[in-house]
1. Quick one: which residues, 5 or more positions from residue 236 or on another chain, have an amide H under 5 Å from its amide H? H modelled 1.01 Å from N in the peptide plane, none for Pro or chain starts.
2. Between residue 99 and residue 128, how high is the FRET efficiency from 1/(1 + (r/R0)^6) when r is the Cβ-Cβ distance and R₀ = 51 Å? Nearest 0.05.
3. Between residue 190 and residue 247, what FRET efficiency comes out of the Förster formula 1/(1 + (r/R0)^6) with R0 = 22 Å and r the beta carbon distance, rounded to 0.05?
4. By how many degrees, between 0 and 90 and to the nearest 10, does the Cα long axis of helix 115-130 differ from the longest principal axis of the chain?
5. Within 10 Å of each residue's Cβ, count the other Cβ atoms and sort 56, 166 from fewest upward.
6. Going by how many other beta carbons lie within 10 Å of each one, how would you line up 66, 240, fewest first?
7. Relative contact order, percent, of region 1-94 when contacts are C-alpha pairs under 8 Å separated by at least 6 residues?
8. With viscosity set to 0.890 mPa s and temperature to 25 °C, compute the Stokes-Einstein D of the chain, Rh being the Kirkwood radius across alpha carbon pairs; µm²/s, no decimals.
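What follows is calculated from the coordinates using simple rules that are stated; it is not laboratory data. Quick caveat: nothing in here was measured; it's all calculated off a predicted structure. Backbone-built Cβ (ideal geometry, glycine too); neighbour counts: all protein chains shown.
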Amino acid sequence: MDLGISDRRAAIAGASSGLGLATARTLAGEGVRVAICGRDASRLDAAAATIDGDVTTVVADVSTREGAVAFVEDAAAAMGGIDILVANAGGPPSGTFASTAYEAYQTALDLNLLSVVAMCQAAVPAMVAQGWGRVLAITSVSVRQPIPHLILSNTARAGVTGFLKTLALEVAGAGVTVNSILPGSHDTDRLRSLYGGDAAGAAADIPTGHLGQPDDFGAVAAFLCSAHARFITGAAIPVEGGAYRALL
């Protein structure tokens, strides 16, 4: 299927590895010009080398407002504007209520909530002005079903879901869609780090019987950025192999 977004311009945060990189690869394969960011220049360059298409790299730390805004501004300057924003960042450390210090919550909110707010504030007004745009945030299935030992991620990502839903309603009439995609367990460095280097055990409770593959996730993300997804907005879509078991 032609996604109808060839020659569009996408800024993808947190794309030096994992699901962000997979999304960038898929979008580039659809003819989208992509700008990717990460904190480490060498890792970012290595990631860019795996993308077949027009790719720009921007070294930025989106966990600060300055870094998040600079990424959007630098990406827009390099590509002549932004049509698609994929807001993404690594997850905060694991922990429980008992083991997590109060001060850790601010760091988590900066990384996984306020980074999205800052990137949207920098990118969305131009999308509204041009009458077309796609905002997609990569969050977690934890916003519907909290994950044990990840209290910081559960808290911050639930907050950003409320922000995105509100933003979606405010800009829907301007041709801008705002959605989030809720990954479950995928075969990424992040998951392996949470499981001590071997993430195979994470598949035990997944009805499909296997971990998600980043490239499959990228295909779903790219569809939500497509011309065909123009009637999908304000949605939070789980991609987790059936591990989320509630009816709604």
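1. Here the answer is 180, since their amide H atoms fall under 5 Å of that of residue 236.
2. 0.75
3. My answer for the efficiency is 0.15.
4. That helix lies at roughly 30 degrees to the long axis.
5. 166, 56
6. 66, 240
7. 33
8. Here the translational diffusion coefficient equals 137 µm²/s.
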